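> Below you'll find the structure I mean.
The values are calculated or read from the model by the stated rules, or taken from the named source; none is laboratory data. Just so we're clear, the structure is a prediction, and the values are computed from it rather than from any experiment. FYI the Cβ positions are ideal-geometry reconstructions off the backbone, even for glycines, and counts take in every protein chain you see. Note: accessible area is taken over every heavy atom of the protein model, side chains too, but ligands, DNA and RNA are not part of it. Shrake-Rupley method; radii C 1.70, N 1.55, O 1.52, S 1.80 Å.
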Amino acid sequence: MILRVNGDISRYYVQTLCLLFFPGAKFREGEVASPTVPKVTVGVRRFRNGSVRGTVEIRAFGKVTSAQETVSPSTDFVTESIEKIAVGRAMFAAGKELFGHIPLWGILTGVRPSKVATELIEKGNGILRSKRILRDEYFLNPQKAALAVSVANTEMILTKKLPDRLCSIYISIPFCPTRCAYCSFVSYTSSKLLSLIDEYLEKLYVDLQNMVGIIRDLGLKVATVYIGGGTPTVLSERQLETLLGKIAALVDIDSLMEFTLESGRPDTITEGKLAVAKKYGVTRISVNPQTLSDEILKQIGRNHTVADFYRAYEIAVNSGIPDINVDLIAGLPGDCFAQFSHTMDEIIRLDPSNITVHTFCVKKAADILRENSQVYSLTGGDVGKSVSYSQLQTKLAGYRPYYLYRQKNTVGNLENVGYAKEGAEGMYNIFMMEELHSIFSVGAGAVTKLVARHTGERGESHITRIFTPKYPYEYLRDADGIRDGLPEQGKPSVRERIFAFYRENGLLPKDTE
């Protein structure tokens, strides 16, 4: 795709708008114009009275559409600048004319649509007015506006009385028994790479010990621990016992709000592993079928059967671990509404405490793109109907949405939603998505997210990310990790970077230099 941006507006933001109508589009520099290459031209002009005019022209498929929108300053606008609102509305109008398609999330393109709803509520708009603003000013479908406001309201209730100086810990186990065709996570499956697990764990233990030391020196209290991947239950029972024992020796497990062990692949779950998890205080696990169709599971490379899921779920229920999450994906290749609704009904019948419904999303590194480059879809076929069905059925079954995020290039430009029975909400998910406190991470591909609330411009949060080496080989070769005194030449250690962030934001304890 050729994209021309004229005026003071983020090019990245304009790209996300283009993806509303051109899912999977690439924005390559030097792209040559041709009848098969869409071209989008965007302009922004600010007037003396503070209003802004956005203009958009789209040339694609032998057609040309254009639109312009002038927007005046309004107290209804929150996170997005007035320039974004003007250009978003112009893109919405031009794309709608060209395709006859109305994006259900209107002109909201970010990962966190509930953030806008939260800010609207915090400004005193109330539930009904916040829904109206999302519908009328941001062009959200009424159902999506209601979902965003519901999630925002639930999150505010769950987090309003949290104590200060909390943090969470994420531990990465980036190994899986097989790689799903749609997956882009840093996860590894070959026998040679799986043979690295013991060596990987030894380094992980040292880095975890040092990270917990940093947390202690900062005077922070650990609220949640999340072991993710990959599939952490790819570890043997012995390896899992050692890992959980190391964590229990470093963290006060009894004081945690939540302790999660991702065990999403049913083919890795055994009675022994979950008994170890229960022994060391794990309170939340995931058993993820994605679909209850053996044919679709085979197509997407899951390498387990529906029967495997039922077996694993029964083990999970009998383990005594209180909260069980089940992940589903709407819009998988080969899926349809009849099959998805059957899956949804069956999962609700099992009555887990959490159900997470994802919309199928393919990242550029996913294997499925090598076989099917046409997996991206503007309307998504049955996916919209499937997602709506999941929202209705979970509500009727007593679940409420508490966690919401979106990704680029999802089928139908739809969302991922976590539903939970009251009191069973996954708090780590809220902390991570809403950036309420720092997440300290260890392991290959893990990202430490440092958060200082209400310290930046306009009272916004100040956030810094620290990345660990992406691949296990790189992670094992890394001489620094989070160790003290071994940084790369001229580069501060992770500990120094973390303390610098807390110092700059006035968050160091008084007795800490």
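> Would you mind estimating how fast region 1-135 diffuses translationally, via Stokes-Einstein at 37 °C and 0.692 mPa s with the Kirkwood radius over Cα pairs, in µm²/s? Mind showing how you got there, number by number?
Numbers: Rh = 15.7 Å.
Using the Kirkwood radius from Cα pairs, D works out to 210 µm²/s.
> Still on this model: Modelling each spin label as a point 7 Å along the Cα-to-Cβ direction, I'd like the ILE102/VAL447 distance in nm, to one decimal.
My value for the distance between the label points is 3.4 nm.
> So, by mean Cβ neighbours within 10 angstrom, what's the order for 244-257, 307-320, 28-41 with the highest one leading?
Working: 244-257: 15.6, 307-320: 17.5, 28-41: 11.9.
So the peptides 244-257, 307-320, 28-41, ranked by packing, come out 307-320, 244-257, 28-41.
> With equal scatterers on the alpha carbons only and no solvent term, can you work out the Debye log10 of I(q)/I(0) for region 92-182 at 0.15 1/Å?
-0.74
> When the helices in the chain are scored as -39500 (n - 2.57) per DSSP H run of 4 or longer and the sum is shared across all residues, what 222 nm value do you end up with, to the nearest 500 deg cm²/dmol?
-11500 deg cm²/dmol
> Just how many % of Cα pairs in region 242-322 lie over 15 Å apart, if you round to the nearest whole percent?
57
> To continue, here is another question. Please report the relative contact order for region 201-280, taking Cα pairs under 8 Å with a sequence separation of at least 6, and give it as a percent rounded to a whole number.
Contact order relative to length: 40 percent.
> Separate question: If you work out percent of Cα pairs over 41 Å apart from the coordinates, which of (i) 37; (ii) 19; (iii) 23 do you get?
This structure yields the entry labelled (iii).
> In a shell of Cβ-Cβ distance under 15 Å around VAL64, excluding VAL64 itself, what net charge do Lys and Arg (+1) and Asp and Glu (-1) give?
Within the 15 Å Cβ shell, the charges total +3.
> Which sequence of LEU292, LEU128, LEU392 reflects their accessible areas, 1.4 Å probe, from the largest down?
LEU128, LEU392, LEU292
> Counting Lys and Arg as +1 and Asp and Glu as -1, each charge on the Cβ, what is the dipole of the chain about the Cα centre in debye, to the nearest 20?
1500
> OK, next. Give the carbon-plus-sulfur fraction of the accessible surface of region 401-470 in %, rounded to a whole number; probe 1.4 Å, heavy atoms of protein chains only.
47
> If you don't mind, another one. What does the charge dipole of region 13-58 about its Cα centre add up to, to the nearest 20 debye, if the Cβ of each Lys and Arg holds +1 and the Cβ of each Asp and Glu holds -1? List each step's numbers first, then the result.
Numbers: 7 positive and 3 negative charges, 59 e Å.
The calculation lands at about 280 debye.
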